[in-house]
Amino acid sequence: NAPHPLPTTTRVIAVVNQKGGVGKTTSAVNLAASLVRAGARAMVIDLDPQGNASTALGIPHHADVVSTYDVLVDETPLAEAVQPSQDSEALSGVPSTIHLAGADLELAPLERREFRLRAALEQYLAAQDEPVHYVFIDCPPSLGLLTINAFTAATEVLLPIQCEYYALEGVTQLLDTIQRITQHLNPALSLSTVLLTMYDGRTLLSKQVVDEVRAHFGDVALQTIIPRTVRISEAPGFGQTVLAYDPNSPGALAYREAAAEIAQRGAA
Ligand code: ADP
Ligand code: MG
């Protein structure tokens, strides 16, 4: 429970994998909650129309809520969409609503369509009295305009990889996309972190995926691996992070360890 070193400027981390169900939302929410428990202030921006991050943070996201849709499409100030989470005073969230499902098409003709989240976030962060140390952007399972808005707003990409069949499928396309973003839209962006998720120590397959990912990504992959546990999957049903739901469970401890690694790397 030792406090982590805090970054001097906000670390904006896009949690991306164009595959669904690999642990993007679970990781965004539980890493943010872990960092908060070690002394940071954090925010999660929900960019997935499914609103799973909003659910896990206990933040309402029915159709009438001011959300990331309004921020991106109507330039509503981010401050009007930010809400406190149920998890902790130091963890806030920006909900998404079902309106976001059509946002890719609505954004397409708009001015500076790739930079709308970045503009909103910069304005919001500049107006805060207290620093926000970490912003996690929970992306939808695609590489469309919503994810591109996350890529331009962020300086880091965190890639969750599920310890399952076809773990590395699509990774080449993702890396190519990141490269194009750094060339044309955001030179500051890099893949800083790979996090292995849903590890099942009883299966040979899980071990093989760990080896394959370590061979492919080296030190970009965190040492900590997130185990597959029922507690992690139960927590969102209670509008909670696993840190609040069962703080001493193996899943909660794994996310805290992963968060500590992320904090240490930022300090280095
Ligand atoms: P994504 O955001 O990439 O679609 P999620 O984070 O929503 O993926 O995870 C997909 C599903 O797997 C969810 O039902 C979630 O609760 C479950 N899940 C994620 N991580 C774990 C884990 N470590 N152990 C068990 N279930 C998990
Ligand atoms: Mg998700």
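Given the structure, is Ala235 of a type in the set (Gly, Ala, Ser) and part of a helix (DSSP H, G or I)?
The answer is yes for Ala235.
For the subset of the stretch 26-62 comprising residues that are assigned to a helix (DSSP H, G or I) and within 9 Å of ligand 2 (Cβ to nearest atom), which member is farthest from Ala244 (Cα to Cα)?
If we take residues in the stretch 26-62 being assigned to a helix (DSSP H, G or I) and within 9 Å of ligand 2 (Cβ to nearest atom), then Asn52 is farthest from Ala244 (Cα to Cα).
Considering the stretch 152-179 alone, what residues qualify as being of a type in the set (A, V, I, L, M, F, W, C) and out of contact with any Ser or Thr (no Cβ under 8 Å at 6 or more places or on another chain)?
Residues satisfying the conditions are Ala153, Ala154, Ala167, Leu168, Val171, Leu174, Leu175.
Mind telling me which of the residues Pro109, Pro140, Pro131 ends up being under 16 Å from the mean Cα position of the chain (by Cα) and part of a loop (DSSP other than H, G, I, E, B)?
Exactly one residue qualifies, and that residue is Pro140.
Whether any residue in the stretch 178-191 is in a helix (DSSP H, G or I) and either buried (at least 17 other Cβ atoms within 10 Å of the Cβ) or among the acidic types (Asp, Glu) (or both) is what I want to check.
Among the residues of the stretch 178-191, at least one is in a helix (DSSP H, G or I) and either buried (at least 17 other Cβ atoms within 10 Å of the Cβ) or among the acidic types (Asp, Glu) (or both), which makes the answer yes.
Hey, any hits in the stretch 198-220 for a residue that's within 16 Å of ligand 2 (Cβ to nearest atom), among the hydrophobic types (A, V, I, L, M, F, W, C) and part of a strand (DSSP E or B)?
no
Could you identify the single residue in Ala38, Ala101 that is surrounded by fewer than 18 Cβ atoms within 10 Å (Cβ to Cβ), within 16 Å of ligand 1 (Cβ to nearest atom) and either under 19 Å from Leu145 (Cα atoms) or not hydroxyl-bearing (Ser, Thr, Tyr) (or both)?
Answer to the check: Ala101.
Among the residues that make up the stretch 78-99, is at least one of them more than 18 Å from Val135 (Cβ to Cβ), in a loop (DSSP other than H, G, I, E, B), hydroxyl-bearing (Ser, Thr, Tyr) and away from ligand 2 (no atom under 13 Å from the Cβ)?
Within the stretch 78-99, one or more residues are more than 18 Å from Val135 (Cβ to Cβ), in a loop (DSSP other than H, G, I, E, B), hydroxyl-bearing (Ser, Thr, Tyr) and away from ligand 2 (no atom under 13 Å from the Cβ).
No lab work stands behind these numbers, since they all come straight from the coordinates. On a predicted model such as this, the values are computed, not experimentally measured, just so you know. No Cβ is skipped: glycine too gets one built from the backbone with ideal geometry, and neighbour counts run over all protein chains shown.
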